[in-house]
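Reading through the structure tokens given below for one structure.
The values are calculated or read from the model by the stated rules, or taken from the named source; none is laboratory data. Worth saying up front: this structure is predicted, and the values here are computed from it rather than measured. Methodologically, a virtual Cβ is constructed for each residue, glycine included, from the backbone with ideal geometry; neighbour enumeration extends over all protein chains shown. The area values use the complete protein model at the heavy-atom level, side chains included, leaving out ligands, DNA and RNA. Shrake-Rupley method; radii C 1.70, N 1.55, O 1.52, S 1.80 Å.
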Amino acid sequence: MSNENAVRTETAQQSDDANTVLELVGIHKQFGGETVIENLDLSVREGELLTLLGPSGCGKTTTLRLIAGLEEPDGGEIRLRGDPVAGSGSFVAPEQRDVGIVFQEFALFPHKTAEENVAFGLHDLPEAEQKQRVDDLLDLVGLEAHRESYPDELSGGQQQRVALARSLAPEPQLLLLDEPFSNLDVDLRVEMREEVRRILKEAGVTAVSVTHDQEEAMSISDRVAVMHDGNLEQVGTPEQVFQHPESRFVASFLGHASFLSGRVQEDGILTPVGSIERDRVYGLSHEYDGADIDLLVRPDDVRAEPVPKSEANGQVMHRRFLGPSILYRVELGNGDVVGCMHNHDEEVPLNEPVAVELAADHELSWFPEGVRRVARDCTPGDD
Amino acid sequence: MAGNADTSTAADRPASSGWSGGSVLVVLAGLVAVAVLLPLSWIVIAGFRVGFAGALDLLLREQTLSIVVNSFLLVGAVTGLSVLLAVPLAFLTTRTNLPFRRFFTVALAMPLVVPSYIGAFAFVSAFGPQGQLQDALAPFGVETLPTIYGLVGSTLVLTLYTYPYVYITTRASLKSLDTTLVEAARTLRHTRWQAFKRVTLPQIRPAITAGSLLVALYALSDFGTPAIMRYDVFTRVIYVEFNAFGRNMAALLSLVLVLITVAILAFERRAGGEDRVQTDRGHGNTQSLVRLGRWRWPAAAFCGGVTALALVVPLGILGLWLVRGTDGVAGGLAFELQYVGNSVGIAVAAALVAAIVGLPIAHLSARGSSRFGDVFERASYVGYAVPGVVIGLALVFLGARYGGGLYRTGVIAFPLLVFGYVVRFLPQAVGSTRASLLRVSPALPEAARTLGRSPFGAFRSVTLPLIAPGQVGGAALVFLTTMKELPVTLLLKPPGFDTLVTQVWQATASGHYGHAAVPSLILLFVSALSMLVILSMEGYDVK
């Protein structure tokens, strides 16, 4: 086992330290015989915003509903501040969990005004306190002017602010957000991301959100947990997850990914675009010498330059104009295809020979050839 | 970036778990379902008394066969004609530039408020032997008219007063239909007719099926019309047999009738009637109306003709009798204000009870993922489908047998009458409540739960206010049909308790038509009022 490998995996100490607000241990959930979540472990720390990121049907919304108590797990245990709320024979009803939730369609009560919606969870407080709290929250979300409005009189962004204020009002120990931005127009989405993050941080609440939008996840979260087919693929900061994905799925889901096949040698990795020095590759130990690996390259890591055929190592197959930039798809001599991102004014002729070179100034991630995810604690395969 | 940008909505979210239902709800709904099915035990008890051989003997009589054939003919003809009448009318009033569209929209739904037995006696009075039409034609040498009695008259009357069930459901479905779908079909080289057949029709079919089911069940169970039209179907023969102390035969025929009802329900299910009618599916662009061109006025004449036949004929006849006045001979038939009070009071009681006991079934059916919801909802339909004659006789039988002194002294007379109505009309309350529950996003009560409310608290503070209009609408529907209900009232009314309906029945049965005019007109007026309530509650869009 290599020390480097241990470094690569996100520190997985799921300790019971006082900082942990939420813990999922071995959660299992089925719907009508179909397994939606399989043996899921996750812990969320005080004050952080963690996002469950994954494609449709990966089980992320179900996970959220399990945490809120709107569904019951078929196996495993859910703990809030160390106390079990589901599993091992116990089940705490949603109203007793002290967990707030912002629903995808906001779920504002249509027969109540913005103010009444926000006050809904405060029915146990004396009236004066209620009013003070509602005022504070409407102020926090910037909606004092619309307190008398009914939900159908509010814009999408305003509805979301009300939903947020409503769920924050009873000061939940944990706030859940289910695809919070999917019901908003694209323009508004970016603006509300910043706004929601500001509000959550100002309120100091621990939050778990769910999304299928990797850009959203990376821009609002302290940590991202990538889910796939009911499994957790990787948990880490947005930077860690993006730059050092532990599985090919994570690599591809978080952004355009190409894979360069290479062979590890004493002094570097031999690839179709030339030899790459060992120290440009992240955590590659000598145990892999002689092994075939795939290097992860993002479109901005490589450039294609038009050259005479004799100096070329590939050919441009496809061009996609994206506005600010152009994505070229280049087929290399060995059949590997890589995407190269260029500025919008840098034209590279189609079907012409090019030289692809590595332009990245960060360490590259890699995967043993034919292996779906990075080995966490086993010796390299002899493939 | 190339990441997966598919919107994840429904696919990512599992169907709401049955958990929110709770076992208390299942028990409550189950109790209601059992109570509603209770009267049917009479049939079983009576059936056992007869024994298998006796039953076979009774059922294989030629008379039984002819009753079955007659009933099927009637149900088939009424249902088929109702669809043929209602779908074009619904289309004309929603999708075309029909003249007086708003007027026809309301007028064409109005026949629903005319109790079919009032319609039947009006038609007999107008077109029967020595009726108004023949009187008018006599000077021209017309001696006899084709007879109104029998299948023809029963079909005519029942169709005219039940097609609105299909009309209303079809209209609602057409209104919620996104017309851009039709436009898309047109741009894909479909004619108007092809687009209707391939795009519109499949989408409104669940609504048509749902309406047809109501029509078929009504035609099967109606007592007044075949009785007045002297057409031997189940209800008429059961009533006659029961009064002639042929109780075993009555029970066995009831059993067959119930089986046919169950068969119709099963057929409807297979025909795709269980498709949930989509709500909230984008707002149809209703601006684009079909221009009728030179068919505009013929279409208006068609609508006008239906309205005239269904509304003007009975109103005209009743008006005529009112003007002619009562002959003054029939003692005890004179109109008294207290009949109105009795009718309204008993109908309000039935409506309230139905709205309350219907709630658990509606909630379970709309929200629960358990099979119970579906089973209980279907169970409540059986009481609706079982003819009033059967329910009435069953309760008389059960009351006399197990009610003991309570029944003989009349202590449970009113509760029994209200119970009879509730058994008959519960599905109306359940259906309306269920529909409004389906319009409430399950996320709303869930949100209330996460904000610290108990399941019941969440229901009371969030769900209940939102479904209140639907509940009131359902209660109004029960009120309306209870006001009109004939056989249950006749059979279960406590002695000396007379309502508008019993007055009408006694007057028409004894031939003193003049005495039927005032209670009939009042009945029509009250029914029309509650109809307007329903239309406004259910957002029946007049535009």
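Numbers below:
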read-out: Coil-residue GluC sites (Glu not before Pro) of segment A:244-295, DSSP, other Cβ within 10 Å capped at 14; value: A:GLU266
read-out: Taking chain B and dividing mean pair separation by its residue count, relative contact order in percent (alpha carbons under 8 Å, at least six apart); value: 22 percent
read-out: Occluded residues from segment A:153-188, i.e. those whose accessible area drops by 20 Å² or more once the chain is not alone (1.4 Å probe); value: A:ARG166
read-out: At R0 = 22 Å, FRET efficiency that the Cβ-Cβ distance of A:GLU369 and A:GLU266 yields, to 0.05; value: 0.75
read-out: Sparse-neighbourhood loop sites, trypsin sites (Lys or Arg not before Pro) in segment B:142-224 - DSSP loop, at most 16 other Cβ within 10 angstrom; value: B:ARG189
read-out: Whole-Å distance, taken between Cα centres, linking segment B:353-411 and segment B:479-509; value: 20 Å
read-out: Accessible area of chain A belonging to carbon and sulfur atoms, whole % at 1.4 Å probe; value: 45 percent
read-out: Links that overshoot a 31 Å alpha carbon limit, given the list A:LYS112/B:LYS175; A:LYS131/A:LYS201; A:LYS112/A:LYS201; A:LYS29/A:LYS131; A:LYS29/A:LYS112; value: A:LYS29/A:LYS131; A:LYS29/A:LYS112
read-out: Percent RCO, i.e. relative contact order, over segment B:150-241, from Cα pairs under 8 Å lying at least 6 residues apart; value: 42 percent
read-out: Per residue accessible area of the protein assembly as shown, 1.4 Å probe, in Å²; value: 43 Å²
read-out: DSSP-defined beta bridges in the protein assembly as shown - what % are antiparallel, rounded to 5; value: 75 percent
read-out: Portion, in percent, of the accessible area of segment B:144-266 that falls on carbon or sulfur, probe 1.4 Å; value: 64 percent
read-out: Whole-percent carbon and sulfur share, accessible surface of segment B:78-123, 1.4 Å; value: 83 percent
read-out: Buried solvent-accessible surface, both chains (A, B), 1.4 Å probe, Å² to nearest 100; value: 3200 Å²
read-out: Burial of 20 Å² or greater, segment B:428-452 residues [accessible area, probe 1.4 Å, versus chain by itself]; value: B:ALA443, B:LEU444, B:GLU446, B:ALA447, B:ARG449, B:THR450, B:LEU451, B:GLY452
read-out: Per-pair calculated FRET efficiency, R0 = 25 Å: B:ARG270 and B:LEU37 via Cβ, rounded to 0.05; value: 0.65
read-out: Lysines whose Cα lies under 19 Å from that of B:LYS493, excluding same-chain neighbours fewer than 8 positions away; value: B:LYS484
read-out: Relative contact order [Cα under 8 Å, 6+ residues apart], segment A:215-283, whole percent; value: 16 percent
read-out: The protein assembly as shown: C-alpha gyration tensor shape, a/c 1.5 cut-off, then a/b vs b/c; value: prolate
